[in-house]
1. Looking at segment 267-276 only, could you name the residues that are assigned to a helix (DSSP H, G or I), surrounded by fewer than 14 Cβ atoms within 10 Å (Cβ to Cβ) and not charged (D, E, K, R)?
2. Does Asp288 satisfy being loosely packed, with under 14 Cβ neighbours inside 10 Å, in the same structural domain as Asp137 (by TED's automatic domain parsing) and within 22 Å of Val81 (Cα to Cα)?
3. If you go through segment 175-203 one residue at a time, how many are surrounded by fewer than 20 Cβ atoms within 10 Å (Cβ to Cβ), of a type in the set (Gly, Ala, Ser) and in a loop (DSSP other than H, G, I, E, B)?
4. Please determine whether any residue of segment 222-232 is in a strand (DSSP E or B) and either on the phi > 0 side of the Ramachandran plot or not basic (Lys, Arg) (or both).
5. Residues Asp280, Asp246: which one is touching a Phe, Trp or Tyr at 6+ places or on another chain (Cβ under 7 Å) and either β-branched (Val, Ile, Thr) or buried (at least 22 other Cβ atoms within 10 Å of the Cβ) (or both)?
6. Could we say that Arg172 is surrounded by fewer than 21 Cβ atoms within 10 Å (Cβ to Cβ), among the basic types (Lys, Arg) and not in a helix (DSSP H, G or I) here?
7. Looking only at segment 260-304, count how many residues are in contact (Cβ under 8 Å) with a residue 60 or more places away in the chain and under 18 Å from Glu213 (Cβ atoms).
8. Report, ordered by the first and then the second residue, all pairs with beta carbons closer than 7 Å, sequence separation of six or more or different chains, a first member in segment 176-200 that is in contact (Cβ under 8 Å) with a residue 40 or more places away in the chain, and a second member that is part of a helix (DSSP H, G or I) and acidic (Asp, Glu).
Amino acid sequence: MLPGAIKTGLRRVASYARANSPLRRAFANRTVRRRVQGVELYLPWSHRLPDYAWSTPTYGQNLVELAAALGTDPADQPLRVVDVGANIGDSALQILARTPARVLCVEGDPYWSAYLRRNVGDVDAVTVVECFLTAPDLPMSAASPVRSTGTTTHFVEDAASTVTSMSIGELRAQYPDFASVRLIKSDTDGLDVALVPELISTWRDCDPVVFFEFDPGLTRAAGFAEPDRLWERLSTLGYSRAAAWDNAGRPVGQFDVIDGARHAAVLAEGRKALGYHFWDVAVRRDNDAVAARAFDVLVPKRLG
């Protein structure tokens, strides 16, 4: 039997070869149906989610496990979730498969929101909003998406864009069923440093746990020169503890939010040294006992 590391490496090589096969590349936008991590999904053949899930089964499961842990609290049933950057709805469906929940899925790219509606449009527990979210620190009030396989790589400012723009405050006001939220996820390809503080401020009275992607390189490419300012802002907003996973969903460690820049400096070493590209991060307030227990189970290691 092959050791785990070798088996995982071989799966990654096979996954890369499968994703880049000439036939699949030629019919990249062909719609297919796949069962991925326990849920049925329509997606373009080029989408890499099935490949990531096959080669690295932990991929994306950190968010699902966190939601399931938060959903054990009777006070939070059904769990209210805001999913910003919902893509094709895979996270929403997997969360619903694990715990009673209601999910507000926000997707700004019409290409992906078409798949999102196909996958979750008939699910009563899911509300779909097709819009580009704006925030005071976001330099774009209107934008158009730039796409790659499986994701929107970034948005570019475009005053003529037909994509609906909406402030985060307007989002909360227009969807009163989500006036109280327990978990917010933000995966917006570099814009998270602007959106996360505004999401927290908008739902500050709820003390939500916030899960986001922290990728300094992608953040700088999106126009934000100092990604690490996010940690200070989170601390100022009352968030004290962070749990980090690598981008494949494997635990990295817990640390105090105020020390986030020091710990995140390791990301400068790059994929060859680390074996991964960036972090998924969840943050909580100090007095959130349910989230504290979830962090301790999912990410038991403490970073010094």
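1. Passing the criteria: Ala268, Gly270, Ala273.
2. Against the criterion (loosely packed, with under 14 Cβ neighbours inside 10 Å, in the same structural domain as Asp137 (by TED's automatic domain parsing) and within 22 Å of Val81 (Cα to Cα)), Asp288 does not qualify.
3. Residues meeting the conditions: 2.
4. There is no residue in segment 222-232 that is in a strand (DSSP E or B) and either on the phi > 0 side of the Ramachandran plot or not basic (Lys, Arg) (or both).
5. The match here is Asp280.
6. no
7. 9
8. Pairs found: Arg182/Asp76; Ser186/Asp192.
The values are calculated or read from the model by the stated rules, or taken from the named source; none is laboratory data. Treat the numbers as computed from the prediction; the structure is a model and nothing was measured. Cβ coordinates were reconstructed from backbone atoms using ideal geometry, including for glycine residues, and neighbour counts include every protein chain displayed.
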